[in-house]
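What follows is a single structure, written as structure tokens, with notes after it.
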Amino acid sequence: QDLAAATPGWRCFDPYDSPVPGQDKGKLCSAYGACPGCALAHLNLQDGYALARVLQLKVKIEQAQTQLPAARWLTAWAPRLQRLIEYWLPRFQDETVIREAAQWDLDDLPELE
């Protein structure tokens with residue numbers, strides 16, 4: 001499902017050439033949670049699993065606001081949350097996919113840093 005993307009539910013056009021700061025060219029990207037803002041990331045908009053993972057990441061980012069230092073959350077996670085809300089989530093419009101997403105019983109995502 002995830003096609004070598006660092007974040008569950010996402011796909012990556014080139015996971016060995018990540019533009020995310022701190023990632024090494026030629027090595028598999030490990031920037032968990034960075035996919036919402038990455039130019040190489042994409043989602044299957046017809047897949048309930050992908051939507052379920054996006055929604056799960058949204059909640060995880062929202063929860064991290066109370067757990068991480070404010071400066072870290074604001075610089076790393078607030079822009080990703082904004083991108084999820086304003087760009088990615090509105091792209092899921094198929095009601096069948098939305099219903100399917102609600103049916104997934106997913107393992108928890110790792111904690112955000």
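The values are calculated or read from the model by the stated rules, or taken from the named source; none is laboratory data. As the structure is a prediction and not an experimental result, all values here were calculated from the model. Positions of Cβ are backbone-derived with ideal geometry, glycine not excepted, and every protein chain shown enters the neighbour counts. The area values use the complete protein model at the heavy-atom level, side chains included, leaving out ligands, DNA and RNA. Shrake-Rupley method; radii C 1.70, N 1.55, O 1.52, S 1.80 Å.
Okay, here's what the table says:
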quantity	calculated
Å² of accessible area per residue within the range 1-55, as computed with a 1.4 Å probe and no ligands counted	47
Relative packing of peptides 11-17, 90-96 - highest average C-beta neighbours within 10 Å first	11-17, 90-96
Cα centroid separation - the range 1-41 against the range 47-113, whole Å	16
Unit charges on C-beta of K, R, D, E only; dipole of the range 68-113, Debye	360
The chain - percent of accessible surface contributed by carbon and sulfur, probe 1.4 Å	52
Residue-by-residue Karplus 3J(HN,Hα) for the range 29-44, coefficients 6.51, -1.76, 1.60, Hz, glycine and proline x	4, 10, 7, 3, x, 7, 3, x, x, 8, 5, 8, 7, 8, 10, 7
Anisotropy class of the chain from Cα gyration tensor, a/c 1.5 cut	oblate
Value of [θ]222 nm, deg cm²/dmol, for the chain, DSSP H segments ≥ 4, -39500 (n - 2.57) each, nearest 500	-8500 deg cm²/dmol
